[in-house]
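**Student:** What follows is a single structure, and I will ask about it in a moment.
The values are calculated or read from the model by the stated rules, or taken from the named source; none is laboratory data. Everything quoted here is computed from the prediction, not taken from an experiment. Cβ: placed from backbone, ideal geometry, glycine included. Neighbour counts: every protein chain shown. The area values use the complete protein model at the heavy-atom level, side chains included, leaving out ligands, DNA and RNA. Shrake-Rupley method; radii C 1.70, N 1.55, O 1.52, S 1.80 Å.
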Amino acid sequence: MCLSLTAAAREHFRELALLRRVRDRIDREQSLDVEVLAHSAGMTAEQFLSRFRDAFGQPPHAYQRAARAARTLTFDRVLEPR
């Protein structure tokens with residue numbers, strides 16, 4: 001493998017790890033400030049939005065809404081009387 005390809009792969013995996021940390025932060029927090037999240041990932045807001053969408057298939061706000069809906073459905077099923 002070419003040295004530049006190895007370096008590019010390392011950078012890609014480092015970026016994915018940062019995006020996973022940001023995704024976990026989105027799961028924990030109520031409010032969503034894209035500028036702050038982008039800064040924590042070391043990216044501009046535009047880069048962050050694009051890379052988040054590439055990595056997880058949807059922008060951060062849509063991810064947060066879908067994750068909340070899934071948690072609500074799961075929680076409702078747990079509380080359902082049998």
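**Student:** Taking K and R as +1 and D and E as -1, what net charge do the other residues with C-beta under 12 Å from the C-beta of Gln58 add up to?
**Tutor:** Overall, the nearby charge balance is +2.
**Student:** Still on this structure, please answer the following. Through the Karplus equation 6.51 cos²θ - 1.76 cosθ + 1.60, θ set to phi - 60°, convert the phi angles of the range 57-71 into ³J(HN,Hα) values in whole Hz; use x for Gly and Pro.
**Tutor:** Coupling constants for the range 57-71: x, 7, x, x, 5, 5, 4, 4, 4, 5, 5, 5, 4, 5, 5 Hz.
**Student:** For the Cα atoms of the chain, what angle does the longest principal axis make with the long axis of helix 3-28, in degrees from 0 to 90, nearest 10?
**Tutor:** Helix 3-28 sits at roughly 20 degrees to that axis.
**Student:** In whole Å and largest first, what semi-axes does the C-alpha gyration tensor of the chain yield when each eigenvalue is scaled by 5 and square-rooted?
**Tutor:** 31, 16, 10
**Student:** Ok, one more. Considering only the other residues whose Cβ falls under 12 Å of the Cβ of Leu18, what net charge follows from Lys and Arg at +1 and Asp and Glu at -1?
**Tutor:** Once positives and negatives cancel, what remains is +3.
**Student:** What is the packing order of peptides 33-40, 11-18, 47-54, taking the mean over residues of other C-beta atoms within 10 Å and listing the highest first?
**Tutor:** The peptides rank, most packed first, as 47-54, 33-40, 11-18.
**Student:** Give me the net charge of Ala67's neighbourhood, meaning all other residues with Cβ under 11 Å from the Cβ of Ala67; Lys, Arg count +1, Asp, Glu -1.
**Tutor:** Spelling it out: positives minus negatives among the neighbours equals +3.
**Student:** How big, in percent, is the set of alpha carbon pairs in the range 23-69 lying more than 14 Å apart?
**Tutor:** In whole percent, the long-distance tail amounts to 44.
**Student:** In addition: In whole percent, how big is the carbon plus sulfur part of the accessible area of the chain, probe 1.4 Å, protein atoms only?
**Tutor:** Exposed carbon and sulfur together represent 56 percent of the surface.
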